[in-house]
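Here the structure comes first, spelled out in structure tokens, and everything after it is commentary.
The values are calculated or read from the model by the stated rules, or taken from the named source; none is laboratory data. Owing to the predicted nature of the structure, the values given are computational and were not obtained by experimental measurement. We place every Cβ from the backbone using ideal geometry, glycine too, and count neighbours over all the protein chains shown.
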Amino acid sequence: MSRIAGRFDSLRTQGRTALIPYITAGDPQPAVTVPLMHALVDAGADILELGVPFSDPMADGPTIQAACERALVHHVGLHNVLDMVREFRERDNETPVVLMGYLNPVEVMGYDEFSSAASSAGVDGVLTVDLPPEEGHDLVTALKAQQLDAIFLAAPNSDAERIALMSGCGGGFLYYVSFKGVTGANRLDIQSVEDKLVEIRRHTSLPVGVGFGIRDAETAAAIGRFSDAVVVGSALVNRIAALEKTPERIVAEAPQVIADMRAAMDQTASIATDKQTG
């Protein structure tokens with residue numbers, strides 16, 4: 001069983017929803033990333049999503065684009081990101097790590113070489129934003145050969161056939177993008193997300209995580225009530241950006257965003273359990 005599957009199984013037995021924070025590797029300085037990863041776990045993160053900086057992050061809004069720019073100032077690339085995961089694994093061999101990024105750096109390295117290097121470093125899953133499942137056979141094959149999960153993005157307009165395709169070739173979890181658009185936008189309709197997850201679960205046995213639009217603890221708790229995972233990116237990256245000029249404060253202060261979300265999610269789950277047993 002993969003680390004990702006094992007983590008979801010463990011959370012399911014506890015009646016808890018996974019909390020998955022996203023950070024861009026190397027933002028705002030490379031030395032911050034690994035200590036921040038550990039601090040996020042301490043704050044309540046169940047899985048870590050580590051962004052690979054890219055010069056043209058087309059699916060991302062201004063917040064993540066700026067994070068990529070800050071990292072690229074330090075020339076942080078895919079090899080550096082894998083080194084960061086390897087360093088993280090020196091202290092933490094339990095928390096799953098998912099790389100999130102774009103296809104170009106992976107193509108440049110080569111699918112087989114990348115998959116082998118990622119597995120060796122301690123990566124558990126790979127989410128390639130601009131690789132649709134219809135075109136993902138070669139990369140998915142290379143990832144599976146190294147026991148890595150290929151994670152795909154489902155959208156509000158994803159139909160049953162496409163969801164089944166993602167489920168069939170993917171692994172780990174299915175990442176549901178809560179609305180059309182870029183990261184960091186603020187148009188979350190919680191009821192429509194819940195309705196869509198009911199539909200998605202008819203066509204996949206994978207856990208379903210929800211990302212885009214998770215802006216605060218209240219939103220995280222609301223989404224966590226019916227999803228298997230809550231993915232938070234821009235809210236955390238905004239906090240990191242606010243501390244850019246004082247990077248020594250980031251590891252101590254930025255994870256509070258995640259701690260607040262974890263507390264709200266667990267409180268909501270506890271109330272729901274009490275109602276069921278009361």
Inset, instruction - Name the residue, out of GLY122, GLY110, that is free of Cβ contacts under 8 Å to residues at least 12 places away in the same chain and at positive phi. - result: GLY110
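Table: residues versus (1) under 16 Å from the mean Cα position of the chain (by Cα); (2) of a type in the set (S, T, N, Q).
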{"position": "ILE200", "(1), (2)": "no, no"}
{"position": "PHE212", "(1), (2)": "yes, no"}
{"position": "ALA217", "(1), (2)": "no, no"}
{"position": "ALA220", "(1), (2)": "yes, no"}
{"position": "SER227", "(1), (2)": "yes, yes"}
{"position": "ALA235", "(1), (2)": "yes, no"}
{"position": "ARG249", "(1), (2)": "no, no"}
{"position": "THR268", "(1), (2)": "no, yes"}
Inset, instruction - Could you check, for the range 29-44, whether at least one of its residues is modelled with pLDDT of 95 or more, over 19 Å from ALA252 (Cβ atoms) and surrounded by fewer than 24 Cβ atoms within 10 Å (Cβ to Cβ)? - result: no
Legend entry - Odd one out for ASP9 among (1) in contact (Cβ under 8 Å) with a residue 40 or more places away in the chain; (2) assigned to a helix (DSSP H, G or I); (3) of a type outside the set (Val, Ile, Thr): (1)
Inset, instruction - Go through the residues of the range 63-86 one by one and say whether even a single one is within 14 Å of the chain's Cα centre (by Cα) and modelled with pLDDT under 95. - result: yes
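To keep it simple, each residue is scored yes or no on (1) under 17 Å from the mean Cα position of the chain (by Cα); (2) under 16 Å from ILE4 (Cβ atoms).
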site	(1), (2)
VAL97	yes, yes
LEU131	yes, no
ASP149	yes, yes
GLU161	no, no
Inset, instruction - Go through the range 194-278 and tell me which helices (runs of 4 or more DSSP H), entirely inside it, have 1 or more residues that are under 30 Å from LEU165 (Cα atoms) and in contact with a helix residue (DSSP H, G or I) (Cβ under 9 Å, 6 or more places away or on another chain). - result: 217-224, 234-242
Inset, instruction - Could you please give the count of residues in the range 16-55 that are touching a residue at least 60 places away in the same chain (Cβ under 8 Å) and of a type in the set (Phe, Trp, Tyr)? - result: 1
Inset, instruction - Report yes if VAL193 is surrounded by 15 or more Cβ atoms within 10 Å (Cβ to Cβ) and either under 16 Å from LEU153 (Cβ atoms) or over 19 Å from the mean Cα position of the chain (by Cα) (or both), otherwise no. - result: yes
Inset, instruction - Could you please find all residues in the range 84-103 being out of contact with any helix residue (DSSP H, G or I) (no Cβ under 8 Å at 6 or more places or on another chain) and either among the acidic types (Asp, Glu) or in a strand (DSSP E or B) (or both)? - result: GLU90, MET100
Inset, instruction - Looking only at the range 208-239, count how many residues are aromatic (Phe, Trp, Tyr) and either surrounded by 23 or more Cβ atoms within 10 Å (Cβ to Cβ) or in contact (Cβ under 8 Å) with a residue 40 or more places away in the chain (or both). - result: 1
Inset, instruction - Name every residue in the range 104-136 that is in a loop (DSSP other than H, G, I, E, B) and either aliphatic (A, V, I, L, M) or buried (at least 23 other Cβ atoms within 10 Å of the Cβ) (or both), in order of residue number. - result: VAL123, ASP124, VAL129, LEU131
